[in-house]
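Working notes, structure below.
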Amino acid sequence: MAAHRIYVSDLQRGILELSPNEAHHAHSVMRLKAGDAVELFDGKGTIATGTMHSASKRDASVEVADLQKAKRPNTNRLTLAMAMPKSPRQSFLFEKCTELGVDAILPVTFDRSVVKTSASGVAKWLRTIIEAGKQCRTAYLPDILDPVRFDRAVDAHTRDGAQLVCDPSATVGIADQIRSLALGQTCVVWIGPEGGMTDSEVAQLVAHGAIKAGLGGNILRIETAAIAVAAAFALRSGTAG
């Protein structure tokens, strides 16, 4: 049986105190006790073996032994610059993006966005990706970038490698566009709200070098579009299980 996984943001050798969330999970959920073997990860590629040093209702600590750096699985780093779905579907979105190896998620507020993104949701999203990372045993968690409005996002992120914008009018599909990327090339994929991006927003992205990419004949929910894009990238990298 694989060792239980514990998230530690600053992973190093020695005895480390766990965060309150991880201490509670280790003691009350996993029922770990001193001496139990565990696997630790920091979400940035470092993994370690260790043992529980102490575990109680209030706090817990681990003794970290061997540290290793895991190879990043993706041949192309993927950032999803995207609208957020309504709250009940956000956890599903972040969970599946973690499982599929998305490198970063940039929450964007578009003109037609129903959900206005803000920093208040980041802590909840982070908890979701940590739990997903434990389950799927990845060494890397997506970076959750600070939520921004569309105009600021364009100014800040359209120089970050190749740019693709999901658009129903595209004549070339996302898989074909991904295959045209050079190995190792970073890519930002823009996904609008369920009402779609405005013509002005699409034009602004195209003016900054973005290429339109299709996701099939149906109009997809935000989280479905994100999963389709992430799965296409994972298949290109050979990381989809």
Exercise. In whole Å, how far is the Cα centre of the range 1-60 from that of the range 103-180?
Worked result: 29
Exercise. In the range 78-237, with Lys and Arg counted as +1 and Asp and Glu as -1 at Cβ, which of these residues, Pro142, Gly214, Gln177, has the Cα nearest the positive end of the dipole, that is, farthest along it?
Worked result: Pro142
Seminar exercise, completed: Subtracting the Cα-Cα distance of Asp176 and Val114 from 0.36 nm times their residue separation yields 19.3 nm
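Over 21 Å between C-alpha atoms is what I'm after, so list which of Lys33/Lys69; Lys44/Lys212; Lys71/Lys134; Lys96/Lys124; Lys44/Lys124 land there.
Numbers: Lys33/Lys69 27 Å; Lys44/Lys212 31 Å; Lys71/Lys134 17 Å; Lys96/Lys124 15 Å; Lys44/Lys124 19 Å.
As for pairs spanning more than 21 Å Cα to Cα, those are Lys33/Lys69; Lys44/Lys212.
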Exercise. Using unit Cβ charges (K, R positive; D, E negative) and no other charged atoms, how large, in debye to the nearest 20, is the dipole of the range 78-237 about its Cα centre?
Worked result: 380
For this session: Would you please report the Å³ per residue occupied by the convex hull of the alpha carbon atoms in the range 1-115?
Result: 134
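What is the gain in length, in nm to one decimal, between Asp151 and Val29 on full extension, counting 0.36 nm per residue of separation less the C-alpha to C-alpha distance? Walk me through the intermediate numbers first.
On the way: separation 122, 0.36 × 122 = 43.92 nm, distance 4.35 nm.
Residue separation times 0.36 nm, minus the Cα-Cα distance, leaves 39.6 nm.
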For this session: Run through the DSSP bridge list for the chain and note the antiparallel percent, rounded to the nearest 5.
Result: 40
Problem set entry | Percent of Cα pairs exceeding the 20 Å cut-off, where the set is the range 177-241 | 34
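Where the convex hull is taken over the Cα atoms of the range 93-225, what is its projected area averaged over directions, in nm²? Present the calculation step by step, with values, prior to reporting the outcome.
Numbers: hull surface 32.8 nm².
Directional mean of the projected Cα hull area for the range 93-225 stands at 8.2 nm².
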Problem set entry | Semi-axis lengths (Å, descending) of the ellipsoid that matches the C-alpha gyration tensor of the range 4-69 | 18, 11, 10
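List the trypsin sites (Lys or Arg not before Pro) in the range 87-162 that DSSP assigns to loop (not H, G, I, E or B) and whose Cβ has at most 13 other Cβ atoms within 10 Å. Which are they?
On the way: sites: Arg89, Lys96, Arg112, Lys116, Lys124, Arg127, Lys134, Arg137, Arg149, Arg152, Arg159; in loops: Arg112, Lys116, Arg137, Arg159.
Passing sites in the range 87-162 are Lys116, Arg137, Arg159.
Figure the gain on full extension for Ala2 and Ala37 (residue separation times 0.36 nm, minus the Cα-Cα span) and round it to one decimal in nm.
Value of the extension gain: 11.6 nm.
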For this session: Could you pull the Cα extents of the chain along its three principal axes, largest to smallest, in whole Å?
Result: 59, 35, 30
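Coordinate-derived values only; no laboratory data. The structure displayed is predicted, hence computed values, not measured ones. Counting neighbours? That spans all protein chains shown, and the Cβs are built from the backbone with ideal geometry, glycine included.
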